[in-house]
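See structure below.
Laboratory data are not the source of any read-out in this text; all were calculated from the coordinates shown. None of the values given here were measured: they were computed from a predicted structure. No Cβ is skipped: glycine too gets one built from the backbone with ideal geometry, and neighbour counts run over all protein chains shown.
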Amino acid sequence: DPAVISALSRQHAVTMLQLSSSLFNHLTDEHPDTFSKVRIVYTGGEPASPTHVHRLHLLHPHLTITNGYGPAESMGFTTTHTVEPTTEPPTGTVPIGRPLINKHAYVLDVRLRPVPHGTTGELYLTGDGLAHGYLAQPATTASHFVPHPFGPPG
């Protein structure tokens, strides 16, 4: 219940929140006072809304807002981007950011070669904290967990 989350956040002077993008958007729209004592908020799980990030920065300029990206196979965020406050209305999307320590992200073509900057490709993640496959699903594991194209053989 978002109203309960908001009340608890204020009552206990919560200073850090990690929220799905949908809940972040809802709290920004309906309960912006949720963030009155919060110093940093992480959002992810879905694309971040530039409009909601901007609105929350205007209401709470002290707040650090970080967008995180990481599929279930990474057990949390693999990349993060801290959004800088601005007075200008947002354009475009909120970036997913750069890889965390001991993780790497590559945009590759179908032959697992890096694509030029700004070119569409497939995002490949490597590093600590990533799953090694899907339990009892060898075919799915083989198609989704490919050998690291730039790592050691084996």
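What list of ³J(HN,Hα) couplings, whole Hz, do you get for region 54-59 from phi and the Karplus terms 6.51, -1.76, 1.60, once you set θ to phi - 60° and write x for glycine and proline?
Rounded to whole hertz, the list is 4, 4, 5, 4, 5, 6.
Taking 0.36 nm per intervening residue step and subtracting the Cα-Cα distance, what contour gain separates residue 101 from residue 30 on full extension?
Result for the pair: 22.0 nm of gain on full extension.
Taking 0.36 nm per residue of separation and subtracting the Cα-Cα distance, what length does fully extending residue 150 through residue 20 add?
Result: 43.5 nm gained on full extension.
Based only on other Cβ atoms within 10 Å, what is the fewest-to-most ordering of 65, 101, 96?
Neighbour counts put them in this order, fewest first: 101, 96, 65.
Looking at the chain only, what percent of DSSP beta bridges run antiparallel? Nearest 5 please.
60 percent
Scaled to the compact-protein estimate 2.2 N^0.38 Å, what is the alpha-carbon radius of gyration of the chain, rounded to two decimal places?
Dividing the Cα Rg of the chain by 2.2 N^0.38 Å gives 1.23.
Run the simple label-point estimate for residue 110 and residue 37 please: 7 Å along Cα→C-beta, distance reported in nm.
Inter-label distance under the simple model: 5.5 nm.
Which FRET efficiency value, to the nearest 0.05, is calculated for residue 91 and residue 62 with the Förster distance at 22 angstrom and r the Cβ-Cβ distance?
Once the sixth-power term is evaluated, E becomes 0.35.
So how far, in whole Å, is the C-alpha centre of region 100-154 from the one of region 9-86?
28 Å
For region 45-125, state which trypsin sites (Lys or Arg not before Pro) are in a DSSP loop and have at most 14 other beta carbons lying within 10 Å of their beta carbon.
111
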